[in-house]
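Note sheet for the following structure.
The values are calculated or read from the model by the stated rules, or taken from the named source; none is laboratory data. Predicted, not measured: the structure shown is a model, and the values here were computed from it. Heads up, the Cβs are rebuilt from the backbone with ideal geometry, glycines too, and the neighbour counts pull from every protein chain shown.
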Amino acid sequence: MYVGGKWVEGKGESRAIIDPSSGKVIAEISDASSEQVNEAVWAAKKAFEKTEWSQNTSDRVGLLRQLAALLEHSTEALARIESRNTGKPIRESRLDVHDAVACLRYYADLVESRREYQKEMNDGTYSLITEEPIGVCALIVPWNFPLLLGMWKLAPALAAGNTVVFKPSELTPLSFIKLTELAEKVGMPDGVFNLILGGTEVGQALVSHPEIDKVSFTGGTETGKHIYRECAKTMKRVSLELGGKSPLLVFDDADVDTAVDWALYGSFFNQGQVCVASSRLLVHHSLEQEFLKKLTARLAKIRIGNPLDESTEMGPVISLQHLRKIEEFIQIGQSEGATLLAGGQRTGDENGYYLTPAVFTHVHQQMRIVQEEIFGPVVTVQPFYDEEEAIDLANGTKYGLAAGIFSKDVERAKRVAARLRAGTVWINGYHTPYVEAPWGGFKQSGIGRELGPHGLAAFMEPKHTNIRHQLQPIGWYS
Ligand code: NAD
C-alpha cells in the first residue's frame, strides 16, 4: 500500500492474487487494517489542507502530464500485468492503457483551460462563480477494467485539486500498484494519492469514514445502494457507476452482417464482463433467423485462449466463483424454459476459467436471464415486431446504462434513441467510450456521470463569492 508518500505493508489478512487463465497464484498481498485505512484518510486530509496541491493548478497539470508520459512509456508492461491479473486478451489491455493515458491528458487540458466566471449583478455588486475541489475522495473500482476505470476517477479527481484514497478490487490490484510506482516518480506532495488494498471490509471502512468528503464508486448495483445509504450519514458527495443489462436493437432495414459483427463485439468484449455489454439482442422478427444463423457461425470461430497470446480474442472469466455464478445463470435460463442455442460450456485449460460464449433464444421479458445482470459471455435474443415494442422491451429492466441501435435510417434511429432510458446510445456502433463525452446510467445503473466535463464537475463544489466594492450600510433595521 502507499500511504502518506510511503510504501507500507498491510496489517490485515493476506490474500492470494490469481491468474484466471491457469488458476495459479501470481502474487500475495496483505489487506489494510482499519487503522491503516484511517491513516490513509488522514494523510489525504493533511495533504488537502496543508499543501499547495488544491490551489496550484499549473503544478497539478504538469504532474498529470508527466504521469501520462510515464504511463504511455510503460504501456506494454502495464498491459501484460492487466492481462495476467484479469484474463483479458492482451490487445484489449493495450487499449485500456492507451485510453487511460488519453484520460489523464484530457483532464490536464480541461482543467488548464477553465476560467472563473464573473458577473455584474442587478444591484451593482460583482459575483465570482468558481469551482473548488471537494476535499478527500474515496475512489473504489471493480475488477473488469482495473486501470481504466481507476483512471476515469483518478484523473479528474486530481486535476480538480482533490486528494484521494484509492481502493482497487481485491481480485485485481496489480495494475494500480504499478501505476502508484509511476505516480511516486512524478513527485506529488505526500498524501495526495494514497493506495489501500483489500475487499469489502476495507471498502466499508473507507466509505464510512467521517473525514471522506466524496465517494466515487464503480461496481455492482446492490453494493452501490449500500454505499449510497452509508454516504447519507455524513452527507458525503457520491457518484455511482453501477450495473446494466443493455439492449442492442436491430431494425428490419439493418445490414445483418454488420449488426452481427457489432453484436459480437458489444456482447463478448472482455468476456462480456462489461457494465454496458449488449447482453440483450433485440432483433426485428423478419431478420431473426438469418441473424441467429450468422451469429452462431461467427461465435464458433472466436479464438478462446491464453490472454497473453497475440491471437487470442477471448480469455477466461475473472474467477472460479464468477464462472460458477455464470453457469448457475445458464442453468436458471434453461429451467425457465429458454433454449440454449449455443455455448455455455467450459473449454481450454482445465485449471483456467474459460467458458464458450452462450446464446439463449425463446426468452420472454420476465425471465431472470433477461432481467438480471449476468456479467459474463451470455446473451439473450428476442424478436420484436415494431418500433414501439422494441422500445418497450429495451426499456423493460431496472437498468439504464447503454443501448445500441442498428438501422440504415439514422433519423429513425435518432427518434428511437431519444426514447431509450439509457445514459449512452450508440447508433450503428457499440462500446466505444469517448473521454470527451459523459458515461453513466439512468435508473438503477447509477448516479452522476464520469468522463467529459461532467466527470470533472463530479469532483468539484461550485462556490459563489459576491463582492460589494462600495461600502455602504444596508439600513434594514431602524
Ligand atoms: P462489487 O460491487 O462487488 O465490488 C466493487 C468494488 O467495491 C470492489 O473494489 C469491492 O472491494 C468494493 N466493495 C465491496 N463491498 C463494499 C462496501 N460495502 N463498501 C465499499 N466498497 C465495497 O462489484 P464487482 O463484482 O467488483 O464488479 C462488477 C460490477 O461492477 C457489475 O455490476 C458491473 O456492471 C459494475 N460495473 C459498472 C461500471 C459502470 O461504469 N457503470 C463499470 C464497470 C463495472
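Within the range 158-200, the set of residues being within 13 Å of the ligand (Cβ to nearest atom) and either closer than 20 Å to ALA108 by Cβ or not assigned by TED's automatic domain parsing to the domain that holds GLY219 (or both) comprises PHE166, PHE176.
Could you check, for the range 10-26, whether at least one of its residues is more than 22 Å from LEU104 (Cα to Cα), small (Gly, Ala, Ser) and in contact with a helix residue (DSSP H, G or I) (Cβ under 6 Å, 6 or more places away or on another chain)?
Of the residues in the range 10-26, the ones more than 22 Å from LEU104 (Cα to Cα) are 10-26.
When the remaining residues are screened for being small (Gly, Ala, Ser), the result is 10, 12, 14, 16, 21-23.
Applying the additional criterion that residues be in contact with a helix residue (DSSP H, G or I) (Cβ under 6 Å, 6 or more places away or on another chain) yields none.
No, the range 10-26 has no match at all.
Please enumerate the residues belonging to the range 64-80 that are over 20 Å from LEU158 (Cβ atoms) and within 19 Å of the chain's Cα centre (by Cα). Working first, answer last.
Of the range 64-80, the ones over 20 Å from LEU158 (Cβ atoms) are 75-77, 79-80.
The one that is over 20 Å from LEU158 (Cβ atoms) and within 19 Å of the chain's Cα centre (by Cα): ALA79.
Checked against (1) within 15 Å of the ligand (Cβ to nearest atom); (2) in the same structural domain as GLU327 (by TED's automatic domain parsing); (3) without any contact (Cβ under 8 Å) to a residue 40 or more places away in the chain, LEU401 meets all criteria but (3). A Cβ distance below 6 Å, combined with a sequence gap of six or more or placement on separate chains, defines the contacts here; from the range 449-462, residues that are over 16 Å from THR424 (Cβ atoms) reach residues that are within 16 Å of the ligand (Cβ to nearest atom) and assigned to a helix (DSSP H, G or I) in the pairs LEU456/PRO156; PHE459/PRO156; PHE459/ALA157.
Results for (1) near the ligand (Cβ under 9 Å from one of its atoms); (2) modelled with pLDDT of 95 or more; (3) closer than 25 Å to ASP409 by Cβ, shown as yes or no for each residue.
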residue	(1), (2), (3)
VAL207	yes, yes, no
SER216	no, yes, no
MET235	no, yes, no
LEU249	no, yes, yes
TRP262	no, yes, yes
GLU290	no, yes, yes
ALA300	no, yes, no
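As a summary of the residue check, VAL370 satisfies the conditions (1) in a loop (DSSP other than H, G, I, E, B); (2) within 17 Å of GLN331 (Cα to Cα) except for the one numbered (1).
Does ILE212 satisfy being of a type in the set (A, V, I, L, M, F, W, C), within 12 Å of the ligand (Cβ to nearest atom) and assigned to a loop (DSSP other than H, G, I, E, B)? Yes, satisfied. With respect to the conditions (1) of a type outside the set (S, T, N, Q); (2) at pLDDT 95 or above; (3) over 13 Å from LEU249 (Cα atoms), LYS408 lacks only one, and its number is (3).
Residue check: is GLU241 touching a Lys or Arg at 6+ places or on another chain (Cβ under 9 Å), within 8 Å of the ligand (Cβ to nearest atom), charged (D, E, K, R) and free of Cβ contacts under 8 Å to residues at least 60 places away in the same chain? Spell out the reasoning first.
On the way: touching a Lys or Arg at 6+ places or on another chain (Cβ under 9 Å): yes; within 8 Å of the ligand (Cβ to nearest atom): yes; charged (D, E, K, R): yes; free of Cβ contacts under 8 Å to residues at least 60 places away in the same chain: no.
No: the conditions fail for GLU241.
Within the range 404-425, the set of residues being closer than 11 Å to SER246 by Cα, free of Cβ contacts under 8 Å to residues at least 40 places away in the same chain and not in a loop (DSSP other than H, G, I, E, B) comprises VAL425 only.
Please state which one of ILE26, ILE81 is assigned to a strand (DSSP E or B) and either assigned by TED's automatic domain parsing to the domain that holds PRO189 or of a type outside the set (Gly, Ala, Ser) (or both).
Values: ILE81 fails: assigned to a strand (DSSP E or B).
Within the list ILE26, ILE81, the selection yields ILE26.
Taking the criterion of being over 30 Å from THR221 (Cβ atoms) and under 18 Å from the mean Cα position of the chain (by Cα), no residue of the range 237-291 qualifies. Being in contact (Cβ under 8 Å) with a residue 60 or more places away in the chain and among the aromatic types (Phe, Trp, Tyr), is that true of even one residue in the range 327-342? No, there is no match, as no residue in the range 327-342 is in contact (Cβ under 8 Å) with a residue 60 or more places away in the chain and among the aromatic types (Phe, Trp, Tyr). Taking the criterion of being under 25 Å from the mean Cα position of the chain (by Cα), touching a residue at least 24 places away in the same chain (Cβ under 8 Å) and assigned to a strand (DSSP E or B), the residues of the range 1-23 that qualify are TYR2, VAL3, ARG15, ILE17, ILE18, ASP19. Checked against (1) surrounded by fewer than 24 Cβ atoms within 10 Å (Cβ to Cβ); (2) not in a helix (DSSP H, G or I), LEU323 passes all but a single condition, namely (2).
Out of the residues in the range 425-472 meeting the condition of being buried (at least 22 other Cβ atoms within 10 Å of the Cβ) and hydroxyl-bearing (Ser, Thr, Tyr), tell me which one is farthest from the ligand (Cβ to nearest atom). Per the stated criteria, the residue is TYR430.
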